[in-house]
Structure formats: C-alpha cells, structure tokens
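The values are calculated or read from the model by the stated rules, or taken from the named source; none is laboratory data. These numbers were taken from a predicted model, which means no experiment stands behind them. We place every Cβ from the backbone using ideal geometry, glycine too, and count neighbours over all the protein chains shown. Just so you know, the surface numbers come from the protein's heavy atoms only, side chains and all, with ligands and any DNA or RNA stripped out. Shrake-Rupley method; radii C 1.70, N 1.55, O 1.52, S 1.80 Å.
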Amino acid sequence: MAELQEVQITEEKPLLPGQTPEVAKEAELAARILLDQGQTHSVETPYGPITFTVYGTPKPKRPAILTYHDVGLNYKSCFQPLFQFADMQEIIQNFVRVHVDAPGMEEGAPVFPLGYQYPSLDQLADMIPCILQYLNFFTIIGVGVGAGAYVLSRYALTHPDTVEGLVLINIDPNAKGWMDWAAHKLTGLTSSIPEMILGHLFSQEELSGNSELIQKYRNIITHAPNLENIELYWNSYNNRRDLNFERGSDITLKCPVMLVVGDQAPHEDAVVECNSKLDPTQTSFLKPGKLTEAFKYFLQGMGYMASSCMTRLSRSRTASLTSAASLDGNRSRSRTLSQSSESGPLPSGPPGHTMEVSC
Ligand code: BEZ
C-alpha cells in the first residue's frame, strides 16, 4: 500500500504582481515543457541499432511509459501532441517516458542502403529488451499506435511479466488476407506510398476534407528525407503475421489493456487514431481530453493515480465502471475496468482486463 500513497509537496512560490495562480501554473507548465528536451540514446540490438528518447526521471517502483509510433511518423510527430497536452502533465509527471523511434525513423536518420533487410514487426518487438536492459527498467506501460501498437502487443505476448499495461490505439492484430493484398496491390497501381500511408493514418472523410492538418501530414510524409526508410517500415507492417489473440488461450494479453478506436458515428468524426497526431489546441477537431481522461482511469485502475487527481467527472464514472478493488487503490490485475464501446472488432483479452475507448 505504501507505494500507492501520493504525497503532494507544494512548493510555495510568490506570485508576480497582478499574476493569477492560473497564469502562474500555465507559465510553469510552459517552462517545464520547454526545459524538458528529452535525452536521445541509441543501443545495439541483434537487428541493428535502435534510437529512443527519454523524458522525466525514473520513479521508484513505477513502470516506465514506453511508446511506439505508427508508420509514416516518428515519436515526436506521433506522440508530442498528446504528451504535451496540458491535462496530460499531471499524469506523465509521475512516470519516466521512453519514446522509441523505429529504425530509420529518428530525426536525421540516413537512408538505408539498397537491399537493407528491415526488421519484421516481430523483430522490432525483440529489440525492446535491449532498451530496457540499457536503461535498467524492468516493467513498462506501453502506448502504441497502429504498427507500434502491434509491436508492443507482440512484445507483451513474449514478455508478459514486464508489461503492466497497454494502451493500443488503432491496432490491427491480423495479417493481411489475400483480399487485402489484392486491394493493396490495386491501390498501389494508382497511389503513391505517401498516399497509401495517409490512407492508413486517416479516414477517407478526413482525407477528402483535406484540412490543414491533413495537408501538414501529407507534406511531412511526401517530403520526408527518409521516405525510403518509411516504405521499409510500411512493408514490414503489411507483412505482419496474425497476433492470434484468443480469449482464454495462452496467446492473449495478460496485462490490463486500453483499446482506443475511432467511432464511426457521424457526430464523432474526430477519430481516435488521430488523437496522438493532432495539435491539441485544435480542440474542435481533436479530443485529447477524452483520451487523457480515459488514460487516467486506466492508470488509476492499476493503482498508479491517486483518486485526488481525477476530475469530479472521472471519479463518478470510475465509481460506476470499476470494481471495489481498483477504487481502494489496490493494484490488481483481475478487476473490471470498463466496457463502453460499440466499435468494430478488436482483439480481446480475458474478460475483465480490457477497456475499450471510443473517441
Ligand atoms: C514527453 O514529455 O514524454 C514528450 C515530450 C515531447 C514529445 C513527446 C513526448
């Protein structure tokens, strides 16, 4: 229980004349974000070097949050909007964050030589232990988007004891079937690689809307100096094999999982797959608040967020959606988190482990 007691030490700082506490808090937050540039490291693995950036300082008895980005992005373009969202700060300040860049996706990465054998998604998952060993971290809470969600799931299947929880955004756990391959080949005849990747990252409605955000990402991907590398990651994603999750079998995620999916309802046109890629100031389009709040429930269910940190809304919803075990703060792996989505087919862990969020 000791580790669950959050001790809040409030530093008394005099306000500047005319400064409200809210303004002072915002200025402090901006300064903290500006100062925390992260530390980038690279380690050797059996499949080549891997680069990752660490923010925050390790917290005793707490897992690291480890992120893995989607195809066409790197850790910054994928996770910066979410992790620098104001409401996320009270969550992430309690954790060290390790943001992995898939090989060749880190800023300034040279283009791989012709004929370079890019790792499969399974091999990308096998690189993760080298990172944890280097940092001397034993357990993680994984946050992955698309291909990155697949990589973290594969890692969790092979190293279940080291994964305390997973947040999987837009995961597709299945290998491409022959119909998908035929469609993919046909699309490839008429579309460029950047357009195919944009079709993976965004919905058709969003792409045809061609908002500033879509233009921004189209520009980033089309003009990426490492486009050849991006194509290799894309090929590995398309060649993924089935994760073969099966409820009740050995091949399932043993940890609590928060699945995040886009909702097709017309009034819910900000699909969650974009949540981690959009500018949080564009709140009419994005709903990082919803994802942040869901993440808070999730961590609280695992015993890592004091209920004093929850909003009044979160607290009342949590009370109706979680079991007593999670409310009293005990870290338990067998409680129910919630069931809340009408969304499409998703990989399922055993009942009681999975939380679905539709944004
Ligand atoms: C973080 O604080 O974890 C973070 C900062 C910048 C980009 C992505 C993540």
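Here are some notes:
- With 26 Å as the limit on Cα-Cα distance, the pairs of Lys185/Lys290; Lys254/Lys296; Lys76/Lys290; Lys176/Lys290; Lys61/Lys290; Lys59/Lys254 that go past it are Lys185/Lys290; Lys176/Lys290; Lys61/Lys290.
- Radius 14 Å from Cβ of Ala109, net charge of other residues (Lys, Arg +1; Asp, Glu -1): -4
- Summing charges over all other residues whose Cβ lies under 13 Å from the Cβ of Ile193, with Lys and Arg as +1 and Asp and Glu as -1, gives -2.
- Sites matching trypsin sites (Lys or Arg not before Pro) across region 54-119 that sit in DSSP coil, with at most 14 neighbouring C-beta atoms within 10 Å: Lys61
- Residue by residue, region 197-213 carries 3J(HN,Hα) couplings of 5, 4, x, 7, 7, 10, 6, 4, 4, 5, 5, 6, x, 6, 5, 4, 5 Hz when phi is fed to the Karplus relation 6.51 cos²θ - 1.76 cosθ + 1.60 (θ = phi - 60°); x denotes Gly or Pro.
- Solvent exposure, largest accessible area first (probe 1.4 Å, DNA, RNA and ligands not counted), of Thr187, Thr51: Thr187, Thr51
- The packing ranking of peptides 157-164, 143-150, 231-238, highest mean first, is 143-150, 231-238, 157-164, where packing means the average number of other beta carbon atoms within 10 angstrom of each residue.
- Amide hydrogen neighbours beyond the local backbone of Val163, cut-off 5 Å, H modeled: Ile140
- Other residues within the sphere of radius under 14 Å centred on the Cβ of Leu243, judged by their own Cβ, net out at +1 (K and R +1, D and E -1).
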